[in-house]
Amino acid sequence: MSRVGGRRSQADVPSLVERARDGDARAVARLISLVEDESSALREVMAGLAPYTGNAQIVGITGPPGVGKSTSTNALVKELRAVGKRVGVLAVDPSSPFSGGALLGDRVRMQDHALDKDVYIRSMASRGHLGGLAWSTPQALRVLDAAGCDVVLIETVGVGQSEVEVVALADTTVVLLAPGMGDGVQAAKAGILEVADVLAVNKADREGARRAVRDLEYAIAMSDDGRDAAGWTRPVVSTVAVRGEGIDDLVAALDAHRQWLDGSGARAVRRRARAAAEIEAIALDQVRSRIGDVRGAGALPGLADRVVAGELDPYRAADSLLDTALPAEKA
Ligand SMILES: Nc1nc2c(ncn2[C@@H]2O[C@H](COP(=O)(O)OP(=O)(O)OP(=O)(O)O)[C@@H](O)[C@H]2O)c(=O)[nH]1
Ligand SMILES: [Mg+2]
């Protein structure tokens, strides 16, 4: 079997997949790099991984900047390792096209786990590619899942569009808040309650933490009688992530949610939605790239000339472009 050499060498996919499944950290890292580089070997990688996916609990961790997402992720890794779980961490920054300072800081913190072979940590950035993370994050998750991670934590930077993406990916979404960073009512207004399966008031060593918990519990009780549409009551835990306090409660809440997902059938529903989003992201990416191909081949300038000349309206021109880019399969 050929050796996997430098980054540019042709990947020996079956051997990489085999080694990743055995928990070889370098093989896992290499497979995620293939995802990031949009390698032509990806199809083969994903075909090889597919039978071994679907076991990991995917946990999204989101919340406002500075609330303690990275500190909590780090503390969660410690807690999960203590009970023997294999853990993957994906730190995702949808806003920055390059791995920036924030993630660099996280990397330093994560060095607590640098020598633990049952922890995989990886930062991913969007590289300014439209839909890039929507497409690449699920593929990186597949790698970590197939590598035997029991839990994969995805940490996002900031709230907004990113939190929507996390929800689309995660089995369980944890929203972190902190005293003084917005009480329950504001959180509800920001739509944060809707995306949360578990809420944590971090920095509970600060003044106002108890009130924040109460406000959140009240806001949850007011919305849908405390149950989301599928019948889960969202718990509020308080944590002091810097000291590792309350992290056991957070892990207990994650376990409870996992059991509920299995018992209620909600996991299947979420996973189908996630797979659908994943297929769509890949298909859109392909449409985009095929249109790029025909654009280069001159189809687009010709159509543009005809639209300018009034011979063709832009809708029919678009139909024609799609016909060229995506020729219908022969019946
Ligand atoms: N007092 C207190 N400080 C905390 C706690 N948890 C985190 N911090 C501090 O809050 C700051 C931000 O923590 P991070 O974990 O980097 O927060 P983050 O949400 O990952 O930040 P971004 O990734 O920049 O959005 C750091 O200085 C932490 O030490 C806590 O429970 N109590
Ligand atoms: Mg962070």
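The values are calculated or read from the model by the stated rules, or taken from the named source; none is laboratory data. It should be emphasised that the depicted structure is a prediction, and the values quoted were computed from it without experimental measurement. A quick note on method: Cβ atoms are made from the backbone with ideal geometry, for glycine too, and the neighbour counts reach across all protein chains shown.
If only residues of region 55-69 that are within 14 Å of the chain's Cα centre (by Cα), of a type in the set (Val, Ile, Thr) and within 14 Å of ligand 2 (Cβ to nearest atom) are counted, the one that is modelled with the lowest pLDDT is THR62. Going by the conditions given, is ALA47 over 18 Å from the mean Cα position of the chain (by Cα), free of Cβ contacts under 8 Å to residues at least 24 places away in the same chain, more than 16 Å from ligand 2 (Cβ to nearest atom) and assigned to a helix (DSSP H, G or I)? Against the criterion (over 18 Å from the mean Cα position of the chain (by Cα), free of Cβ contacts under 8 Å to residues at least 24 places away in the same chain, more than 16 Å from ligand 2 (Cβ to nearest atom) and assigned to a helix (DSSP H, G or I)), ALA47 qualifies. Would you call ASP197 at pLDDT 85 or above and closer than 28 Å to ALA168 by Cβ? Criteria met by ASP197. Every condition in (1) farther than 25 Å from LEU141 by Cα; (2) part of a helix (DSSP H, G or I); (3) out of contact with any helix residue (DSSP H, G or I) (no Cβ under 8 Å at 6 or more places or on another chain) holds for VAL242 except the one numbered (3).
Take the residues of region 134-180 that are small (Gly, Ala, Ser) and either at pLDDT below 90 or within 16 Å of ligand 2 (Cβ to nearest atom) (or both): which is surrounded by the most Cβ atoms within 10 Å (Cβ to Cβ)?
Initial filter on region 134-180 (small (Gly, Ala, Ser)): 134, 136, 140, 146-148, 158, 160, 162, 168, 170, 178, 180.
Still in the list and also either at pLDDT below 90 or within 16 Å of ligand 2 (Cβ to nearest atom) (or both): 134, 136, 158, 160, 162, 168, 178, 180.
Details: ALA134: 21, SER136: 24, GLY158: 17, GLY160: 15, SER162: 20, ALA168: 20, ALA178: 22, GLY180: 13.
Restricting to residues being small (Gly, Ala, Ser) and either at pLDDT below 90 or within 16 Å of ligand 2 (Cβ to nearest atom) (or both), the top hit is SER136.
Under the condition of being in a loop (DSSP other than H, G, I, E, B) and surrounded by 11 or more Cβ atoms within 10 Å (Cβ to Cβ), the residues counted in region 314-331 number 1. Filtering region 237-277 to residues that are away from ligand 1 (no atom under 14 Å from the Cβ), within 17 Å of VAL174 (Cβ to Cβ) and of a type in the set (A, V, I, L, M, F, W, C) leaves VAL251, ALA252, ALA253, LEU254, ALA256, TRP260, LEU261, ALA266.
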